[in-house]
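The values are calculated or read from the model by the stated rules, or taken from the named source; none is laboratory data. Quick caveat: nothing in here was measured; it's all calculated off a predicted structure. In this analysis, Cβ positions are derived from the backbone assuming ideal geometry, glycine residues included, and neighbour counts consider all displayed protein chains. In case anyone asks, the SASA skips ligands and DNA or RNA and just uses the protein heavy atoms, side chains included. Shrake-Rupley method; radii C 1.70, N 1.55, O 1.52, S 1.80 Å.
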Amino acid sequence: MPQLPSDFVAASNAALQLILFVDKRAASKRQNQQVQDYLKSIEPSHSWNLQVADVEEQPYLAEYYKLVATPALIKLYPEPRQILTGANLVAQMTALWPRWQSALTTLINSQASQNGSALASPPSVKLMELVDQVFLLQQENTSLQNQIKFKDRIIAMLAHDLRNPLTAANIALETLEAQLSDLPPQRGQESNLLRKLTHHALTQTQVIERMIVNLLDSTRGNCAAIQIQPKEVDLRSLCLEVVAGLQSRFLNKQQTLATDIPSDLPPVHADRDHVRQVIINLLDNASKYTPTPGVVRLSVLHRTMQKVQVTICDNGLGIPKEKQRHIFDDEFRLDRDKDCEGYGIGLALCRRIILAHYGQIWVDSTPNQGSCFHFTLPVYRV
Ligand code: ADP
């Protein structure tokens, strides 16, 4: 039987690479033993390298090598790959061994003459481990994806179901507010308090409603682009409408909400409801992260022929420079704000909405001085 010069093999570290696939059956165990005994009789022992894989424990490996039967012995190196199966593996190996060894010798000699003594290292059985890891990661990935889908479905169901009682509570509060405004003035203090409380309750139901809308949107898949239905939108009236709706909330927090919106603003090509959501989220954040008494300003600028820019500035806590590029990532929150209400999905959602409009969104901020969030929308072309 031709054999490799032992010092050559040791120096080059080149060896026949074999994988034996077995299962738990007795016949498989027997063949495994026979193969191992045969290899032990081969000298030098470092001229071959055998890995044994149990197909039940590593089914992905069997899948990778497209095995249809076990036991099976695969000669991986030198190439070409060869697969032996059947009841007489040792007999087949014995017949093939001289050919395998001489192929290895030829390879070593030709590589040595080309590169001096440097040999390309054989595709070692590290490959098996890598394949192993890749399949395990794939399995883990699939299981995590399923868990996320399940979680998203539950959140979507809950968010959806929460909306009905919330709408009912909203209608009841609106009716109450209307009736209170009709009360005779002589009920003075008492009705004032009732009015205030009802109004506060109404504002809070609107906050919950917005959180639900955000939750629903965020479960619609982070990678999927948001579906928008852009139309001609009067951005000035939209901004003023949002500001009017939030004014009392700012007042309650002793914050000033100011606007600077030109009256000759061109219409934008946008999805009104989604843009409203962006403005509300940014104003909500501005209020949330600005200590009392604070000033928040919403301004709009007709920046170029094609773009209109909306800017919401506050004089609040600000965002550290190194965190600013992460601020629009999913579930990102500053450690400082972990105890505030919220889930870190509002800004991620704003980004998705603005990207769906082919706009841009970004932040300028100086810690302890304040933040300005800007986004652009396309001008509506007739
Ligand atoms: P949430 O407010 O629910 O945590 P967001 O996605 O809206 O989620 O915001 C992500 C994080 O960005 C917040 O947790 C906060 O740390 C920071 N942040 C957002 N807006 C401001 C702001 N105007 N001023 C300071 N920090 C802000």
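Compared with the dominant Cα axis of the chain, that is its longest principal axis, helix 235-252 is turned about 80°. Taking every DSSP beta bridge that has both ends in region 16-121, the antiparallel portion is near 55%.
If R0 is 45 Å, what FRET efficiency do you get for Arg336 and Glu57 from their C-beta distance, rounded to 0.05? Computed FRET efficiency for Arg336 and Glu57 comes out at 0.40. Mind checking which lysines have their Cα closer than 30 Å to the Cα of Lys29? Skip sequence neighbours fewer than 8 apart in that chain. Those lysines meeting the cut-off are Lys40, Lys66, Lys75, Lys126. Put simply, the convex hull of the Cα atoms in region 241-280 casts, on average, a shadow of 3.4 nm².
Of the residues Asp264, Asp364, Asp284, the one that moves most in a GNM of the chain with alpha-carbon contacts below 10 Å is Asp264.
Scattering from region 16-121 was approximated by placing one identical point on each alpha carbon and applying the Debye formula without solvent; log10 I(q)/I(0) at 0.18 1/Å stands at -0.88.
Quickly estimate the mean residue ellipticity at 222 nm for the chain, helices only: each DSSP H run with n ≥ 4 gives -39500 (n - 2.57), and the total goes over all residues, rounded to 500. Calculated mean residue ellipticity at 222 nm is -17000 deg cm²/dmol. The distance from the alpha carbon centre of region 329-369 to that of region 89-115 is 62 Å, rounded to a whole number.
The accessible-area ordering, largest first, of the residues Thr290, Thr259 stands as Thr259, Thr290, per a 1.4 angstrom probe. What number comes out for the charge environment of Lys75, summing +1 per Lys or Arg and -1 per Asp or Glu over other residues with Cβ under 14 Å away? Neighbourhood net charge equals +1. Where a ≥ b ≥ c are the square roots of the eigenvalues of the C-alpha gyration tensor, would you call region 154-293 rounded, which needs a/c under 1.5, or, failing that, prolate if a/b is larger than b/c, or oblate? Judged from the Cα gyration tensor, region 154-293 comes out oblate (a/c at least 1.5, b/c at or above a/b). Using only Cα atoms, tell me the angle between helix 188-218 and the longest principal axis of the chain; keep it within 0 to 90° and round to the nearest 10. Once rounded, one gets 20 degrees.
Taking 1.002 mPa s as the viscosity and 20 °C as the temperature, the Stokes-Einstein diffusion coefficient of the chain based on its alpha-carbon Kirkwood radius rounds to 79 µm²/s. Could you tell me the relative contact order of region 137-218? Use alpha-carbon pairs under 8 Å, at least six residues apart, and round to a whole percent. Over region 137-218, the number comes to 45 percent. Between the helical axis of 272-288 and the longest alpha-carbon principal axis of the chain there is an angle of about 80 degrees. For region 231-378, a Kirkwood radius taken over Cα pairs fed into Stokes-Einstein (4 °C, viscosity 1.567 mPa s) yields D = 84 µm²/s. Ordered by 1.4 Å accessible area with all protein chains kept, Trp362, Trp97, Trp48 run largest first as Trp362, Trp48, Trp97. Count the net charge of all other residues whose Cβ sits under 15 Å from the Cβ of Leu16, scoring Lys and Arg as +1 and Asp and Glu as -1. Net local charge, Leu16 excluded: +2.
Of all lysines in the structure, the ones whose alpha carbon falls short of 26 Å from that of Lys231, not counting any fewer than 8 places away in one chain, are Lys307. Within the listed set Ile361, Ile83, Ile261, the residue fluctuating most in the Gaussian network model of the chain (springs between alpha-carbon atoms under 10 angstrom) is Ile83. Inter-label distance, Lys288 to His200: 2.1 nm, where each label sits 7 Å from its Cα along the C-beta direction. Structural descriptor for region 16-121: relative contact order 32 percent, calculated from alpha carbon pairs under 8 angstrom and at least 6 residues apart.
May I ask you to list the residues of region 323-343 whose amide nitrogen lies under 12 Å from a point 7 Å from Cα along the Cα→beta-carbon direction of Gln360? In region 323-343, the label zone of Gln360 (backbone N under 12 Å from the point 7 Å along Cα→Cβ) covers no residue. When every Cα-Cα distance of region 24-79 is counted in 10 angstrom steps from zero, the calculated P(r) takes the values 19, 50, 29, 2 percent. With the cut-off at 1.5 for a/c, could you classify region 137-218 from its C-alpha gyration tensor as rounded, prolate or oblate? Judged from the Cα gyration tensor, region 137-218 comes out prolate (a/c at least 1.5, a/b above b/c). The base-10 log of I(q)/I(0) for region 292-331, evaluated at q = 0.23, 0.26 Å⁻¹, reads -0.92, -0.93 [Debye formula, identical scatterers on Cα atoms, solvent excluded].
Taking every alpha-carbon pair under 8 Å whose residues sit at least 6 apart, the chain reaches a relative contact order of 12 percent.
Beta bridges assigned by DSSP with both partners in the chain are antiparallel in approximately 75 percent of cases.
Which percent of the accessible area of the chain is formed by carbon and sulfur heavy atoms (probe 1.4 angstrom)? Taking all protein chains in place, the chain shows 55 percent carbon and sulfur surface. All other residues whose Cβ lies under 11 angstrom from that of Val90 are scored, Lys and Arg at +1 and Asp and Glu at -1, for a net of 0.
Among Gln34, Gln147, Gln247, whose mean-square fluctuation peaks in a Gaussian network model of the chain (Cα, cutoff 10 Å)? Of the options given, Gln34 has the highest mean-square fluctuation.
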